[in-house]
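To keep things clear, I will list the structure first and then write my remarks on it.
Laboratory data are not the source of any read-out in this text; all were calculated from the coordinates shown. Everything quoted here is computed from the prediction, not taken from an experiment.
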Amino acid sequence: MKNFLFFFSFFLLIIDAKNIEGNSEKGADLFKKNCTSCHSLNQKIIGPPLSGVTEKRSREWLHKWIINNKSLRESGDKEALSIYKEYGNLEMNTFPQLNEQKVDDILSYIQNPIVVKKKENHLNIDDEYKENKISLKKDHKFFIKIIIFGLSLLFIIILCILYKIQILTKLFINDNLIKKKKKKNPLSFFYIIF
C-alpha cells in the first residue's frame, strides 16, 4: 500500500509539473528581474539552483513558495522549513506582485531555458546585424563627407593652378609680343643701346 501511495504521489507530481502552462519568453524576463540576484538555473548562488525544481515539487507548492514562502513556512510545511534550515535560516524575498500566470511563466522558463536562449541568441544576432548596419551607414556617410571634402579641396587647387597657368600664359604671350615688336622695329636696336 505504501508503494502504491508513493508511486501515485510521484505520478501526481510529474503530471502537475507538466501542467505548467506559461510563456517561457515572458518568464525569462521575469526571472531576470526577480530571481537572478539569488538564483541561477545550474549553480548555487545565495539560493539553490532552480533547474529541475518543477520535477521535484508540485506546481501548487511552488506557487505558494514563490509568492509568499514565509506564510508557507509559518503553516508548518515540512519542505519549506527544511529548505529554510538548509540555507541557514536565510529569508527568501516574497513576491506578492506576481500573480499565478507570472509564476507559471517563470516556471515555464525554468523548465525550457534552452528554447528561450535560442530565441534570445537569434534576436541578439538580428540586433547586432541592425546595429552593424546602422554603424556602417554612419561610417558610409562619414566617408562620403570625407570624399566630398577631398574633391572640393582638389577642385580649389585645380582652379588655383589653372588661374596661375592663365597668368603665366598671358605673361608669356605679352613677352613674345614685346620681343616680336623689338625685332620688327629697326630702331629698336638704338632704343636698347641708349
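The stretch between GLU100 and PHE155, if pulled fully straight at 0.36 nm per residue, gains 12.6 nm over its current Cα-Cα span. Residue pairs exceeding 24 angstrom between C-alpha atoms, taken from LYS32/LYS85; LYS33/LYS85; LYS141/LYS164; LYS64/LYS85: LYS32/LYS85; LYS33/LYS85; LYS141/LYS164.
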